[in-house]
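Shown next, in structure tokens, is the structure this report addresses.
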2 protein chains.
Amino acid sequence: MEKVTETQAVTREAVIERLKASGVTPTQQRVEIAQILFARPQHLSADQVLAIVNAEAPVVSKATVYNTLGLFAEKGLVREVIVDPAKVFYDSNTSSHHHFFNVDTGTLMDIDAGQVELNAMPDLPSGTVAEGVDIVIRVREGER
Amino acid sequence: MEKVTETQAVTREAVIERLKASGVTPTQQRVEIAQILFARPQHLSADQVLAIVNAEAPVVSKATVYNTLGLFAEKGLVREVIVDPAKVFYDSNTSSHHHFFNVDTGTLMDIDAGQVELNAMPDLPSGTVAEGVDIVIRVREGER
DNA sequence: TTGGGTGCAAACTATTTGCATTCGA
DNA sequence: TCGAATGCAAATAGTTTGCACCCAA
């Protein structure tokens, strides 16, 4: 029980502030979810968040987890990563970067923004505006 | 609705040859599906393929469409494009290229391989081998 | 003939939604 | 107080699977 508080990378107050700053009403379950995500940069599926947040006792319902993650993504607090047809990952690292996706383990790893960049931005289809660039390098367990 | 009038862009024989060349037994429904895909480079969801192939008369079952698309992808005849959390797109353009994804219309557009490239390939996580690089530029309808 | 391929429907999984209840400001 | 947020369960949607039947080689 004690280890829950000692590794706290972010205080409850800081989380609440951050939510408010993004125009998100800091309710109990939102703060609970945000604390998990903001503890450190990581990639979690809705299912994983649900499991972690309710690890000790049921705190948040499944629907609320989905609603909250969707809201956070909309507010820019987390980033949705679409690489696995089976599920969406939520990335708490909101700074510009890209990903490796290990297709064997279903694991995501960050690629620092400085490490990969496009050599040029192509002309966008007329009438459209760029919203983001996602670069995913799919890898699999090395063979030998 | 799209016209299904096959303008002989690919003959049935050519399709069969191509399937054989990839080690795929050319059954009736596989050829049917392949003809749609190989007619021209395009991005279709399993659902769309199902609708097109059965436009005139029920020819292929849903399960077979999914199984077949999965098989084609595995054999390198088509490429899976994961950009929409709701569904997988199958791209019959197997040459190296990337995509624009219009999040408003749910539409994919090709970006020629020459137009965008990575300035550098980052070091892969140890023990892994690169399988592919997917670059997706998300766009939305321009606002004005 | 005969094992791979197919059809059908049921099963699954991730995600969404309707609605009554509860909570935050 | 009062509208927003939540919980629960049922509803969706895409995809997969089990199994009997059928067809390509």
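Label-point spacing at A:D110 relative to the other copies reads 3.6 nm, in ascending order, each point sitting 7 Å out from Cα along Cα→Cβ. Only helices enter this figure: runs of n ≥ 4 DSSP H residues, each worth -39500 (n - 2.57), summed and divided by the residues of the protein assembly as shown, yield -9000 deg cm²/dmol at 222 nm to the nearest 500.
Counted by Cβ distance under 12 Å from A:I16, the other residues give a net charge of +1, where Lys and Arg count +1 and Asp and Glu count -1. Think of chain A as having a plus end and a minus end, set by charges on the Cβ of Lys, Arg, Asp and Glu; of A:G106, A:T25, A:S126, A:T25 sits farthest toward the positive end of this dipole. With respect to chain A, whose longest principal axis is taken over its alpha-carbon atoms, helix A:62-74 is tilted by about 50°.
Using C-alpha pairs under 8 Å with a sequence gap of at least 6, the mean separation divided by the residue count of the range B:1-124 gives a relative contact order of 19 percent.
Near B:V65, within a Cβ-to-Cβ distance under 11 Å, what is the net charge of the other residues, with Lys and Arg +1 and Asp and Glu -1?
Working: positive: B:R30, B:K62; negative: B:E32, B:D47.
Surrounding charge for B:V65 is 0.
Taking the DSSP bridge list for the protein assembly as shown and keeping only pairs wholly inside it, about 85 percent are antiparallel. Helix A:28-38 axis versus longest C-alpha principal axis of chain A: approximately 50°, rounded to the nearest ten.
Taking the centroid of alpha carbons for each part, the range A:119-141 and the range A:36-53 are 26 Å apart. Label-to-label distances for A:D47 across copies, nearest first, come out at 2.1 nm, using points 7 Å from Cα in the beta-carbon direction.
Rounded to the nearest 20 debye, the dipole size of the range B:18-117 about its Cα centre is 480 debye, using +1 on the Cβ of Lys and Arg and -1 on the Cβ of Asp and Glu. What shape does the protein assembly as shown take by its C-alpha gyration tensor, where a ≥ b ≥ c are the square roots of the eigenvalues and a/c under 1.5 counts as rounded, a/b above b/c as prolate, and the rest as oblate? It is prolate, given that a/c is not under 1.5 and a/b is the larger ratio. Decide, for the range B:49-144, between rounded, prolate and oblate: order the square roots of the alpha carbon gyration tensor eigenvalues as a ≥ b ≥ c, take rounded if a/c falls under 1.5, and otherwise choose prolate if a/b is larger than b/c, else oblate. It comes out oblate by the Cα gyration axes. Over 26 Å between Cα atoms, which of A:K87/B:K62; A:K62/B:K75; A:K20/A:K62; A:K75/B:K62 qualify? Table pairs above 26 Å Cα-Cα are A:K62/B:K75; A:K75/B:K62.
Mean partner shielding of peptide B:112-122, defined as the number of other chain Cβ atoms within 10 Å of each residue Cβ, is 5.
Annotation for A:V10, label-to-label distances across the other copies: 4.8 nm (shortest first, one decimal, point 7 Å from Cα along Cα→Cβ). Computed from point charges on the beta carbon alone (+1 for Lys and Arg, -1 for Asp and Glu), the dipole magnitude for the protein assembly as shown about its Cα centre is near 520 Debye.
DSSP beta bridges confined to chain A are antiparallel in about 75 percent of cases.
Each reported figure results from applying straightforward, stated rules to the coordinates on display, with no laboratory input. Every value quoted in this text rests on a predicted model; they were computed, and no experiment measured them. Ideal geometry is used to build each Cβ from the backbone, glycine not excepted, and the neighbour counts take in all protein chains shown.
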